[in-house]
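What follows is a set of notes on a single structure, which appears directly below.
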């Protein structure tokens, strides 16, 4: 997750996944080594960017990305990935139970009928 907004918000039920980008390399051993170095440089730039935005050490972020750490909205707020957790308003009104369906539909998740 990379956000350029000054104020980053999230719904309460959002999950975040810190993961390294993956790539398959092809070519000669020298080409593969160069591609690998380039990917490592980009990864460290990403970790540095996230470190500046979150206040977390870049090495810790790199470790969390290597392990594929998941965070819920509260953990992401404490981690510094987001600035605020905003409540999701039910479009059909309170107490109707439509909000989960609406959130899934709006995000493109197929909901069984």
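Things worth noting here:
- Taking only the Cα atoms of the stretch 7-61, the ratio Rg/Rh comes out at 1.12, with Rh defined as the Kirkwood radius.
- Centroid-to-centroid separation of the stretch 64-87 and the stretch 24-42 [C-alpha atoms, Å]: 30 Å
- Contour minus Cα-Cα distance for residue 14 and residue 26 (0.36 nm per residue): 0.7 nm
- Principal axis extents of the C-alpha atoms in the stretch 31-72 (largest first, rounded to whole Å): 38, 20, 14.
Readers should treat all values here as calculations from the given coordinates under stated rules, not as data from a laboratory. These numbers come from a predicted model, not from an experiment.
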